[in-house]
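J.: First the structure, then my questions, so here it is.
The values are calculated or read from the model by the stated rules, or taken from the named source; none is laboratory data. Values in this document were obtained by computation on a predicted structure and should not be read as measured data. Here the Cβ positions follow ideal geometry from the backbone for every residue, glycine too, while neighbour counts run over all protein chains shown. Surface accessibility is based on the protein's heavy atoms, side chains included, excluding ligands, DNA and RNA. Shrake-Rupley method; radii C 1.70, N 1.55, O 1.52, S 1.80 Å.
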Amino acid sequence: MSRPRKIIHIDQDCFYAAVEIRDNPSLKGKPVAVGGSSKGRGVLTTASYEARKFGVKSAMATAQALKLCPDLILVPVHFDKYRAESKKIRKIFSKFTKQIEPLSLDEAYLDVSDCSLFEGSATLIAQDIRQQIYDTTGLTASAGIAPNKFLAKVASDWKKPNGQFTISPHQIENFVKKLKIEKIPGVGRVTAKKMHSLNIYTCEDLQKLDMQSLSYHFGSWGVRLYDICRGIDERIVSRGGPRKSLSVENTFNQDLETLQDCLDRIPKIFQEFIERLEKSKLKDQVQSLVVKVKFHDFTQTTMVRSQEVNISVSTYQNMVAEAFSRGLKPVRLLGLGVKFYGPKKIPKTAQLPLF
Ligand code: TTP
Ligand code: MG
């Protein structure tokens, strides 16, 4: 058997807010959020831990956040600053390994299996990385250390903020058994609700389902879930390319006969899709909206609209109506999604480029 890998997942604590607070120390210890003003229907990118105590969180409308926390201090976003800090942090990573996979400005996987520093202790390496980040930028990070990406990511959230957590190979079995399904990256509100309705609350509950039932309930993702709930994840840490698209597709147990049947299904699919889009932190990079309709006879059609239209239920319903009219046949699958700009094509007005 090959030796276990050593993967570190590093995630900055309330990143944008932490940068703003560092640059304006009078904000320290106060409820701070970074985002657009409530007048312009602004949305928050993130909030300090003091603000989170009031229920304020990422992707929340600023107006709603101010209702929850009237003393909230709102700071506008400064992407250039976050990008500059991110660059410094990545430079630190490269002292430890070449195998770095950034997920966003504040998050990355590192494979330190071949790093000989600290006698190869990934726990001590993570400790040192976090210390160097703090010494260089004045910002705190949290880390997860484990034999694979899934567990490392779960672990980096375990002792947040400014903490770290190690899951050793022999601890995996017990750790995942007790792990709540909400902790699995990719399980949002919609999937969690579905799992609860099936009496699944922990990975141990998930382990009771065979591959076939997992695929039946969760589509192609079910195959991956079979491994994940056992703490298995073979994905390598790879530089990869930037994400090109994101979509949510639903195949129906029974074909949808009419256009109205299709339109009625959109809000639920949209909810899951928008949750994933918010989480991807790539909403500012949407190039176009895409709808896929597969008919009962497996013929399919896609509709694309430029990003100038609103990303909303009604936009997708209009697109589905147009796609449906091309076939006028019962529908077996509906998909809603977006395509992203490549890193070089992001117009100057768009925000949050990738590394
Ligand atoms: P996260 O790492 O998800 O959040 P965070 O760093 O603010 O807080 P935590 O301590 O829980 O890690 O995201 C990193 C940054 O990305 C965040 O500071 C702001 C931005 N972001 C958005 O712009 N929109 C979003 O919906 C989310 C989740 C993050
Ligand atoms: Mg973070």
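J.: Look at Ile73 and say whether it is open to solvent by less than 20 Å² (accessible area, probe 1.4 Å) and away from ligand 2 (no atom under 16 Å from the Cβ). Working first, answer last.
T.: On the way: open to solvent by less than 20 Å² (accessible area, probe 1.4 Å): no; away from ligand 2 (no atom under 16 Å from the Cβ): yes.
Answer is no for this residue.
J.: Which of (1) in contact with a Ser or Thr (Cβ under 7 Å, 6 or more places away or on another chain); (2) surrounded by fewer than 16 Cβ atoms within 10 Å (Cβ to Cβ); (3) basic (Lys, Arg) is the odd one out, the single condition Arg239 does not satisfy?
T.: Unmet condition: (1).
J.: Of the conditions (1) modelled with pLDDT under 95; (2) basic (Lys, Arg); (3) not in a loop (DSSP other than H, G, I, E, B), Arg130 fails just one. Which one is it?
T.: (1)
J.: Quick check on Tyr226: is it open to solvent by 80 Å² or more (accessible area, probe 1.4 Å) and part of a helix (DSSP H, G or I)?
T.: Details: open to solvent by 80 Å² or more (accessible area, probe 1.4 Å): no; part of a helix (DSSP H, G or I): yes.
No: the conditions fail for Tyr226.
J.: Cβ-Cβ distance below 6 Å, separation of 6 or more or different chains: which pairs start in the stretch 221-235 with a residue that is in contact (Cβ under 8 Å) with a residue 60 or more places away in the chain and end on one that is assigned to a helix (DSSP H, G or I) and of a type in the set (D, E, K, R)?
T.: Asp233/Lys149; Arg235/Lys149
J.: I'd like to verify a number: residues in the stretch 1-27 that are open to solvent by 20 Å² or more (accessible area, probe 1.4 Å) and more than 15 Å from ligand 1 (Cβ to nearest atom), how many?
T.: Total satisfying the criteria: 9.
J.: Somewhere in the stretch 138-153, is a residue surrounded by 21 or more Cβ atoms within 10 Å (Cβ to Cβ), basic (Lys, Arg) and assigned to a helix (DSSP H, G or I)?
T.: Yes, there is a match, as at least one residue in the stretch 138-153 is surrounded by 21 or more Cβ atoms within 10 Å (Cβ to Cβ), basic (Lys, Arg) and assigned to a helix (DSSP H, G or I).
J.: Looking at (1) more than 16 Å from ligand 2 (Cβ to nearest atom); (2) in contact with a helix residue (DSSP H, G or I) (Cβ under 9 Å, 6 or more places away or on another chain), find the lone condition where Thr140 falls short.
T.: (1)
J.: Report every pair of residues separated by at least 6 positions or lying on different chains whose Cβ atoms are under 9 Å apart, first residue within the stretch 132-143 and touching a residue at least 12 places away in the same chain (Cβ under 8 Å), second away from ligand 2 (no atom under 15 Å from the Cβ) and of a type in the set (D, E, K, R).
T.: Final answer for the pair search is Gln132/Lys95; Ile133/Lys88; Thr136/Lys88; Thr136/Lys91; Thr137/Lys88.
J.: Look at the stretch 179-193 and say how many of its residues are in contact (Cβ under 8 Å) with a residue 12 or more places away in the chain, touching a helix residue (DSSP H, G or I) at 6+ places or on another chain (Cβ under 7 Å) and open to solvent by 80 Å² or more (accessible area, probe 1.4 Å). Break it down into steps so the answer makes sense when it comes.
T.: Quick first cut of the stretch 179-193, residues in contact (Cβ under 8 Å) with a residue 12 or more places away in the chain only: 179-181, 183-186, 188-191.
When the remaining residues are screened for being touching a helix residue (DSSP H, G or I) at 6+ places or on another chain (Cβ under 7 Å), the result is 179, 181, 183-185, 188-190.
Cutting the leftovers down to open to solvent by 80 Å² or more (accessible area, probe 1.4 Å) gives us 183, 189.
Final tally of qualifying residues: 2.
J.: Please go through the stretch 194-205 and pick out each residue that is open to solvent by 30 Å² or more (accessible area, probe 1.4 Å) and either within 16 Å of ligand 2 (Cβ to nearest atom) or in a loop (DSSP other than H, G, I, E, B) (or both).
T.: Matches in the stretch 194-205: Leu198, Asn199, Tyr201.
J.: Which one is least open to solvent (accessible area, probe 1.4 Å) among residues in the stretch 154-170 that are in a loop (DSSP other than H, G, I, E, B) and farther than 16 Å from Arg130 by Cβ? So that I can check it myself, show each step before the final result.
T.: From the stretch 154-170, those in a loop (DSSP other than H, G, I, E, B) are 157-163, 167-168; that's our starting set.
Filter again for farther than 16 Å from Arg130 by Cβ, leaving 167-168.
Working: Ile167: 4, Ser168: 33 Å².
The qualifying residue least open to solvent (accessible area, probe 1.4 Å) is Ile167.
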